[in-house]
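Each remark here refers to the structure printed beneath this line.
The values are calculated or read from the model by the stated rules, or taken from the named source; none is laboratory data. All values derive from a computational prediction rather than experimental measurement. Cβ atoms come from the backbone with ideal geometry, glycine included; neighbour counts cover every protein chain shown.
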Amino acid sequence: MSAINDTTFQHEVFLLTGIPGQEDIYLWISIPLCLIYAISIVGNSFIVFIIKTNPSLHEPMYICLSMLAITDLGLSITTMLTTLGIFLLNSREISHDACFAQLFFIHALECIESSVLLLMSFDRLIAIHDPLRYASILTHKRLAKMWIACMLRGVAVMVPFPILLKRFRYCRSNVLSHSYCLHQEVMMLACADITVNNIYGLYITLLTEGLDSLLIFLSYVMILKTVLSITSHAECLRALNTCISHLCAVLVFYTPLIGLVLIHRFWKNSSPLISILLGYVYLMFPPLMNPIVYSVKSKHLRARIVKIFVN
């Protein structure tokens, strides 16, 4: 890190940004945002509750779904306070420590979600490729160990982010372009050499989301190979139908992520508004869409939900 003069001004807080140029309609924007957060929190909490209280749903696929719902619930809560604070109360200030804590949880939960999506792809692969041994391979004890491994992985690889950022002084600017803190944005405000942060951030992205997406792709190649070997057309469609919900979750999570990476790396002259809006999509849509998609596509889960409301 380059030497910084002791007299250099140090910003005490960061300023978060909502949607630049739309300040006059922040109150109106807050209405759909509140609705998105309400649906995300209630929907994911409901999924966890339904699965936990129904022994018939204590199967590997639904246990993995509850892991995904818990992760999405954490991600919604992590971004909700600062986002709604800006659009409802125009509260833009956030302390350095609070910002570092928020970015740690955001990135850790993103990593955990990526790991869970990978685990769910393995679940579908085993269910289709080796259905007779499905329950014996993905036992509750083994799934619990995998869930712990997903969480430990997310925490371990993201702990260096706040540590690396905390050693810097921030004297250039204190304005962030989102309503929440992200590592790649905070480090750009540092009055220091950020090469280590840049390299580590890229390495972690490739090691987590990059590797996970590659393994998910390979698992679906194997799934397709197995499905195409099935002689019965009806059985083939039934097997593919069990993967649709997971494929939707993968697309909802990875599509905006790929878009953000491409913009930050190769399309730096694009409008900042595109990156800001894509950032909202990336963090808000998976927690919103996952419980909706799985509730619609899963016959057993849908039946349990209907039974609760009918009774």
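Structure notes:
Residues are listed down the side, and each one gets a yes or a no for (1) modelled with pLDDT under 90; (2) out of contact with any strand residue (DSSP E or B) (no Cβ under 9 Å at 6 or more places or on another chain); (3) over 30 Å from Ser56 (Cβ atoms):
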residue: Trp147; (1), (2), (3): no, yes, no
residue: Val159; (1), (2), (3): no, yes, yes
residue: Tyr170; (1), (2), (3): yes, no, yes
residue: Ala192; (1), (2), (3): yes, yes, yes
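- With respect to (1) under 30 Å from Ser219 (Cβ atoms); (2) buried (at least 21 other Cβ atoms within 10 Å of the Cβ), the lone exception for Asp130 is condition (2).
- Residue match in region 48-62 (condition: under 23 Å from Tyr282 (Cβ atoms) and surrounded by 16 or more Cβ atoms within 10 Å (Cβ to Cβ)): yes
- Residue list for region 76-99, restricted to those being among the hydroxyl-bearing types (Ser, Thr, Tyr) and more than 15 Å from His178 (Cβ to Cβ): Ser76, Ser95
- Any hit, region 285-294, residues being of a type in the set (S, T, N, Q), touching a residue at least 12 places away in the same chain (Cβ under 8 Å), in a helix (DSSP H, G or I) and within 23 Å of Glu209 (Cα to Cα): yes
- Applying the criterion of at least 3 residues that are closer than 24 Å to Tyr280 by Cα and free of Cβ contacts under 8 Å to residues at least 60 places away in the same chain to the helices (runs of 4 or more DSSP H) found wholly in region 147-242 leaves 195-205.
- Within region 153-189, the only residue that satisfies the criterion of being under 24 Å from Ile276 (Cβ atoms), crowded, with 20+ Cβ neighbours inside 10 Å and among the small types (Gly, Ala, Ser) is Ser179.
- Checked against (1) within 30 Å of Tyr26 (Cβ to Cβ); (2) touching a Cys at 6+ places or on another chain (Cβ under 7 Å), Ile106 meets all criteria but (2).
- All positions within region 100-118 that are over 17 Å from Leu182 (Cα atoms) and surrounded by fewer than 23 Cβ atoms within 10 Å (Cβ to Cβ): Leu118
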